[in-house]
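Heads up: the structure comes next, in structure tokens.
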Amino acid sequence: MKTVYLLNGPNLNMLGKREPGIYGADTLVSIEADCISFGKTIGMTVECRQSNHEGQLIDWIHEAGEKAAGIVFNPGAYTHTSVALHDAIKSVPHVPVVEIHLTNVHAREAFRQKSYISPVAIGVICGFGPLGYQLALRALAERLG
């Protein structure tokens, strides 16, 4: 089984509590459990991690360069601000990254429509809520063969 890192950025630990009208009622714990289960059905071991700290996310991206076949990444608000995460992904070019967002960021505020992650990701999935994570895992599985 291939190991895939599922990384979630700032405030995603608050899913189910934070603005459920926008982000839904599912918790990150339930989304991660669904991803772990779905990963098994497609031959992947999904390792889930969340941090509100940019440096920790960077460290995990670097670690993925040594230990993972790919990354599914919801960078949260860092999507729109972090050149450092962009550079971290570029530092492990052999590890494909799928960018994921629960909401359709293109239908939201203008500042959410710019991503520093998209140019270094193999693809972006947004607007499908928690299902988007499974779509990202499926896409990554197809890319990895």
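The values are calculated or read from the model by the stated rules, or taken from the named source; none is laboratory data. Model, not experiment: these values are computed from the prediction. Positions of Cβ are backbone-derived with ideal geometry, glycine not excepted, and every protein chain shown enters the neighbour counts.
Of the residues making up the range 82-100, those that are outside any loop (DSSP other than H, G, I, E, B), surrounded by fewer than 20 Cβ atoms within 10 Å (Cβ to Cβ) and of a type in the set (A, V, I, L, M) are V83, A84.
A quick yes/no check of all residues on (1) on the phi > 0 side of the Ramachandran plot; (2) basic (K, R); (3) surrounded by 22 or more Cβ atoms within 10 Å (Cβ to Cβ); (4) out of contact with any Phe, Trp or Tyr (no Cβ under 7 Å at 6 or more places or on another chain):
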| residue | (1), (2), (3), (4) |
| --- | --- |
| M14 | no, no, no, yes |
| P20 | no, no, no, yes |
| L28 | no, no, no, yes |
| A33 | no, no, no, yes |
| E54 | no, no, no, no |
| H62 | no, no, no, yes |
| H80 | no, no, no, no |
| L102 | no, no, yes, no |
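Residue count for the range 11-53, restricted to those that are β-branched (V, I, T), free of Cβ contacts under 8 Å to residues at least 24 places away in the same chain and assigned to a loop (DSSP other than H, G, I, E, B): 1. Checking each residue in the range 64-121 for being without any contact (Cβ under 8 Å) to a residue 12 or more places away in the chain and under 24 Å from E32 (Cα atoms) picks out only E66. When each of R49, R143, R108, R112 is tested for being more than 26 Å from A25 (Cα to Cα) and of a type in the set (K, R), the lone residue that passes is R143. Note on the range 1-37: residues that are at pLDDT 95 or above, of a type in the set (A, V, I, L, M, F, W, C) and under 23 Å from V105 (Cβ atoms) amount to 7. The set of residues from the range 61-76 being part of a helix (DSSP H, G or I) and either under 9 Å from the mean Cα position of the chain (by Cα) or over 19 Å from R138 (Cα atoms) (or both) comprises I61, H62, E63, G65, E66, K67, G76. Scanning the range 109-133 for residues that are surrounded by 18 or more Cβ atoms within 10 Å (Cβ to Cβ) and either outside any strand (DSSP E or B) or hydroxyl-bearing (S, T, Y) (or both) yields S115, Y116, I117, V120, A121, P130, G132, Y133. Tell me the residue from G24, G39, G76, G70 that is crowded, with 19+ Cβ neighbours inside 10 Å, over 23 Å from G145 (Cα atoms) and of a type in the set (G, A, S), please. Residue meeting the stated conditions: G76. Being buried (at least 19 other Cβ atoms within 10 Å of the Cβ), within 20 Å of L85 (Cβ to Cβ) and of a type in the set (S, T, N, Q) is the requirement here; does Q50 meet it? Considered against the rule, which asks whether it is buried (at least 19 other Cβ atoms within 10 Å of the Cβ), within 20 Å of L85 (Cβ to Cβ) and of a type in the set (S, T, N, Q), Q50 comes out as yes.
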